[in-house]
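Below is one structure, written out as structure tokens; the observations come after it.
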């Protein structure tokens with residue numbers, strides 16, 4: 001019998017605050033380009049105040065949240081587990097998810113501050129992020145809706161949640177237990193190479209219970225070793241039943257359902273490189289939940305990822321379904 005949801009995600013609920021700066025404006029900040037650093041709310045507000053004449057764009061997101069959104073935009077039925085506050089950002093988040101027809105599992109937490117990520121985009125297409133997790137880091141086992149996981153074909157777990165051992169790792173454990181009890185398949189993303197490096201035991205335990213791993217080349221090498229994406233992909237065969245290793249302009253290595261392939265990337269000139277992996281994962285999961293063979297799903301996912309990185313912002317707001325169909329023809 002079909003389940004209510006194709007995909008339910010577990011991850012950080014963050015509102016992206018997009019800020020485009022020239023190199024001259026970026027340089028005095030002394031930030032390392034392309035990095036993500038956690039920051040306190042006051043420090044983040046000082047950064048925004050320095051560019052108060054700009055009108056930043058707000059976009060609801062978070063890594064796995066973006067993947068669930070991608071799946072939903074393509075026609076899948078999605079749900080998401082995360083925490084937001086009852087401030088303006090939290091209301092923006094929940095309202096946007098309602099418009100996207102995604103089931104947001106938890107109501108806003110009263111008196112709490114919603115997590116935000118100031119994303120500075122520079123002319124070289126790099127995105128430098130300063131993130132205040134705020135209440136998103138409070139995600140714990142008590143926030144996990146067991147019944148909704150049981151009603152989902154796939155659970156998708158965000159690697160960043162491992163970085164909160166006292167709360168987030170309990171939420172992951174509860175989610176995996178619920179998935180296994182209900183026969184819900186589990187997909188896991190590294191999020192960043194430092195996650196399997198710094199939280200190796202917890203990550204390894206979750207990986208043993210996963211059906212599918214998404215990672216980029218650097219993350220794959222952190223998990224399985226190897227000097228290249230292809231070598232790491234080969235080593236992952238003994239670690240997890242199915243795996244996707246994305247390698248930027250070099251395409252993606254895919255192992256799913258007993259078949260393996262390499263899917264070339266589409267040539268493009270990037271404008272904002274963040275969000276490609278999130279789009280790829282959400283699109284691929286949509287494909288395999290809707291009868292599309294893995295190789296074709298990966299090709300279409302690559303195409304949608306290109307559409308993301310040739311615009312500003314980590315997700316598409318229009319045309320996703322059209323691009324998907326274009327890639328499959």
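The values are calculated or read from the model by the stated rules, or taken from the named source; none is laboratory data. This one's a predicted model, so the numbers in the text were calculated from it and none came from an experiment. Every residue, glycine as well, gets a Cβ built from its backbone with ideal geometry; the counts of neighbours run over all protein chains shown.
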Kindly check whether there is at least one residue in the stretch 82-97 that is in a loop (DSSP other than H, G, I, E, B), modelled with pLDDT of 95 or more, surrounded by fewer than 16 Cβ atoms within 10 Å (Cβ to Cβ) and over 19 Å from the mean Cα position of the chain (by Cα). no
Mind telling me which of the residues 214, 280, 253 ends up being touching a helix residue (DSSP H, G or I) at 6+ places or on another chain (Cβ under 7 Å) and part of a helix (DSSP H, G or I)? 280
Given the conditions (1) over 17 Å from residue 281 (Cβ atoms); (2) part of a helix (DSSP H, G or I), and given that residue 67 satisfies all but one, which numbered condition is not satisfied? (1)
Given the conditions (1) in contact (Cβ under 8 Å) with a residue 40 or more places away in the chain; (2) in a helix (DSSP H, G or I), which single one is not true for residue 268? (2)
Might you let me know whether the stretch 20-28 holds any residue that is in contact with a helix residue (DSSP H, G or I) (Cβ under 9 Å, 6 or more places away or on another chain), assigned to a loop (DSSP other than H, G, I, E, B) and surrounded by 13 or more Cβ atoms within 10 Å (Cβ to Cβ)? yes
Can you pull out every residue in the stretch 191-215 that is touching a strand residue (DSSP E or B) at 6+ places or on another chain (Cβ under 7 Å) and at pLDDT below 95? none
Here are the criteria: (1) closer than 26 Å to residue 234 by Cα; (2) part of a loop (DSSP other than H, G, I, E, B). Tell me which single one residue 314 does not satisfy. (1)
Does residue 240 satisfy being surrounded by fewer than 23 Cβ atoms within 10 Å (Cβ to Cβ), at pLDDT 95 or above and touching a strand residue (DSSP E or B) at 6+ places or on another chain (Cβ under 6 Å)? yes
Could you tell me whether the stretch 37-49 includes any residue that is under 19 Å from residue 153 (Cα atoms) and either under 16 Å from the mean Cα position of the chain (by Cα) or without any contact (Cβ under 8 Å) to a residue 60 or more places away in the chain (or both)? no
Taking the residues in the stretch 176-211 that are touching a residue at least 40 places away in the same chain (Cβ under 8 Å) and in a helix (DSSP H, G or I) as candidates, determine which candidate is nearest to residue 150 (Cα to Cα). 206
Any chance the stretch 295-302 includes a residue that's touching a strand residue (DSSP E or B) at 6+ places or on another chain (Cβ under 9 Å), part of a loop (DSSP other than H, G, I, E, B) and surrounded by fewer than 19 Cβ atoms within 10 Å (Cβ to Cβ)? no
Identify, from the list 155, 139, the residue that is under 14 Å from residue 12 (Cα atoms) and modelled with pLDDT of 95 or more. 139
